[in-house]
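Enquirer: This is the structure I want to talk about, given as structure tokens.
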Amino acid sequence: DPSWSHPDIQAGVLRLRGNGDDIRIRNCRFEHVNLPIRFRANDGQTLGRVSVTDNEMRFTDHGGAYIQSGLPLSNAPQYVKNTEFLRNQLHHIGWRIVSGEHGHAVDITFPQTSHVAGNFLHRIAGWGISVTGGKPSGQTQVEAPFSRHLIHHNRVEDVLLKSNDWGGIETWQGGPFYIWNNLVINPVAFKNWTFRAGEPDNVGSFGHAYYLDGSFKNYLFNNIARGRNNTLGTKGVNAAGLQNIISFENTFFHNTFSKFAETTRQQQPEAGRLRYFSNIMEDSSRTVLRQADPKDGSAPDPNASHYTQGGKFAYDQLAFSRNVFHNIRGKFGTFEETGVTY
């Protein structure tokens with residue numbers, strides 16, 4: 001049955017539906033279970049302080065830890081107040097999913113503040129770590145002025161093994177998000193219906209090491225993204241090191257992105273306010289900087305419609321400086337509204 005057909009299908013070893021506060025889960029082992037932690041405040045309810053530290057999660061069916069807030073019904077403080085997810089180990093997560101779910105490992109939504117650090121993730125079916133800050137999209141009657149989030153010193157390896165269009169580490173909605181000293185290796189995200197074996201321009205995957213999925217005020221520094229395969233026309237190509245969609249006010253400095261088909265991707269770039277300083281962009285097989293859709297129609301993209309924003313690019317708010325480009329086997333980039341490829 002689909003996940004929404006009955007509330008108990010969305011199961012959990014530790015499950016909370018409704019109000020809660022000051023919940024601490026420490027030094028536990030969850031092994032051969034459906035989902036270790038599933039907390040969700042219903043709409044208009046409050047999930048306060050949640051701390052998940054020094055646990056081990058292994059061989060799970062549905063996912064790892066979901067700590068989620070319901071929709072706020074007014075401007076009252078009805079969010080997750082603070083979430084800590086520290087020093088946990090997750091292995092072989094999300095491999096027998098419920099219909100309509102993806103096998104994601106860590107999903108934290110709408111906390112006012114969060115701290116996600118020191119976690120080791122390996123062999124994950126869906127995304128690795130996702131934090132949605134502030135408030136839901138379209139909630140104009142609600143304010144979240146004190147949203148701020150720390151994501152650092154996490155290692156995510158062999159991720160997106162059964163899902164696609166996600167990232168090893170993801171952020172959504174309002175920041176600031178401070179993301180540093182993380183390592184993401186081999187985000188796969190194979191997409192069978194777009195794979196064409198042997199075609200010299202085909203990626204056949206749509207997954208990313210770091211994915212800013214409609215999030216704002218991201219500061220990424222001292223991170224590493226490492227692919228294992230960027231040979232076009234083969235299975236399991238690592239698509240991109242950095243993906244931004246409907247995202248602005250972001251700064252990237254001192255990061256290393258190595259062995260991807262496309263090093264960076266910026267969708268809907270008219271918002272501007274993007275800065276790329278002193279990054280290493282190494283071993284790109286198709287495009288280094290994909291900031292716009294190529295006008296020649298080459299390399300069709302699953303989200304091509306987001307690029308077609310001609311005449312609106314905020315050039316005065318974009319900055320590229322002191323980046324190092326090495327072993328570029330594909331094209332350098334398309335980063336102007338004209339769609340010219342260099």
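Enquirer: Out of all the residues in the stretch 141-154, which are under 16 Å from residue 225 (Cα atoms) and open to solvent by less than 50 Å² (accessible area, probe 1.4 Å)?
Expert: Result: 151, 152, 154.
Enquirer: Checking the condition out of contact with any strand residue (DSSP E or B) (no Cβ under 8 Å at 6 or more places or on another chain), open to solvent by 10 Å² or more (accessible area, probe 1.4 Å) and of a type in the set (Gly, Ala, Ser), which residue from 175, 138 passes?
Expert: 138
Enquirer: Against the conditions (1) open to solvent by 10 Å² or more (accessible area, probe 1.4 Å); (2) of a type in the set (A, V, I, L, M, F, W, C); (3) within 21 Å of residue 69 (Cβ to Cβ), where does residue 193 fall short? Just the number, please.
Expert: In the conditions (1) open to solvent by 10 Å² or more (accessible area, probe 1.4 Å); (2) of a type in the set (A, V, I, L, M, F, W, C); (3) within 21 Å of residue 69 (Cβ to Cβ), residue 193 misses (3) alone.
Enquirer: While we're looking at this one, here's another question. Do the conditions hold for residue 230, that is, is it surrounded by fewer than 20 Cβ atoms within 10 Å (Cβ to Cβ), more than 16 Å from the chain's Cα centre (by Cα) and in contact (Cβ under 8 Å) with a residue 12 or more places away in the chain?
Expert: In short, no.
Enquirer: Among the residues of the stretch 288-311, write down those that are open to solvent by 20 Å² or more (accessible area, probe 1.4 Å) and either small (Gly, Ala, Ser) or at pLDDT 70 or above (or both).
Expert: 293, 295, 297, 298, 304, 305, 310, 311
Enquirer: Report yes if some residue within the stretch 8-16 is out of contact with any Leu (no Cβ under 7 Å at 6 or more places or on another chain), surrounded by fewer than 16 Cβ atoms within 10 Å (Cβ to Cβ) and in contact (Cβ under 8 Å) with a residue 60 or more places away in the chain; otherwise report no.
Expert: Within the stretch 8-16, not a single residue is out of contact with any Leu (no Cβ under 7 Å at 6 or more places or on another chain), surrounded by fewer than 16 Cβ atoms within 10 Å (Cβ to Cβ) and in contact (Cβ under 8 Å) with a residue 60 or more places away in the chain.
Enquirer: Show the residue pairs meeting these rules: Cβ distance below 6 Å; 6+ apart or different chains; first residue within the stretch 32-60 and assigned to a strand (DSSP E or B); second residue among the β-branched types (Val, Ile, Thr) and crowded, with 24+ Cβ neighbours inside 10 Å.
Expert: Going by the 6 Å Cβ cut-off, the qualifying pairs are 33/60; 39/67; 47/80; 50/67; 50/83; 60/93.
Enquirer: For the stretch 21-56, name all the residues that are within 25 Å of the chain's Cα centre (by Cα), open to solvent by 40 Å² or more (accessible area, probe 1.4 Å) and among the basic types (Lys, Arg).
Expert: 40, 49
Enquirer: Please determine, by comparing only the residues of the stretch 233-267 that are among the aliphatic types (A, V, I, L, M) and not in a strand (DSSP E or B), which one is most open to solvent (accessible area, probe 1.4 Å).
Expert: Kept after step one, since they are among the aliphatic types (A, V, I, L, M), are these residues of the stretch 233-267: 237, 239-240, 242, 245-246, 261.
So of that shortlist, the ones also not in a strand (DSSP E or B) come out as 237, 239, 246.
Numbers: 237: 0, 239: 8, 246: 80 Å².
Ranking the candidates gives 246 first.
Enquirer: Of the residues that make up the stretch 74-83, is at least one modelled with pLDDT of 95 or more, open to solvent by 20 Å² or more (accessible area, probe 1.4 Å) and out of contact with any His (no Cβ under 9 Å at 6 or more places or on another chain)?
Expert: No: the stretch 74-83 contains no residue that is modelled with pLDDT of 95 or more, open to solvent by 20 Å² or more (accessible area, probe 1.4 Å) and out of contact with any His (no Cβ under 9 Å at 6 or more places or on another chain).
Enquirer: Now, a different point. How many residues are touching an Asp or Glu at 6+ places or on another chain (Cβ under 9 Å) and not in a loop (DSSP other than H, G, I, E, B) when one looks only at the stretch 321-332?
Expert: Within the stretch 321-332, residues that are touching an Asp or Glu at 6+ places or on another chain (Cβ under 9 Å) and not in a loop (DSSP other than H, G, I, E, B) number 5.
Enquirer: Also, quick follow-up: Checking residue 103 against (1) open to solvent by 10 Å² or more (accessible area, probe 1.4 Å); (2) over 25 Å from residue 18 (Cβ atoms); (3) assigned to a loop (DSSP other than H, G, I, E, B), which single condition isn't satisfied?
Expert: Just one mismatch for residue 103, condition (1).
Enquirer: If we keep just the residues of the stretch 196-217 that are outside any strand (DSSP E or B) and open to solvent by 20 Å² or more (accessible area, probe 1.4 Å), which is farthest from residue 143 (Cα to Cα)? Even if it seems obvious, please write down each step before you answer.
Expert: Residues of the stretch 196-217 outside any strand (DSSP E or B): 196-204, 206-207.
Adding the requirement that they be open to solvent by 20 Å² or more (accessible area, probe 1.4 Å) leaves 196-201.
Working: 196: 46, 197: 48, 198: 50, 199: 48, 200: 48, 201: 45 Å.
Per the criteria, the residue is 198.
The values are calculated or read from the model by the stated rules, or taken from the named source; none is laboratory data. Everything numeric here is computed off the predicted structure, so don't read it as measured data. With ideal geometry, Cβ positions are generated from the backbone for all residues, glycine too; neighbour counts draw on all protein chains shown. Accessible surface is based on the protein model in full, side chains and every heavy atom, while ligands, DNA and RNA are left aside. Shrake-Rupley method; radii C 1.70, N 1.55, O 1.52, S 1.80 Å.
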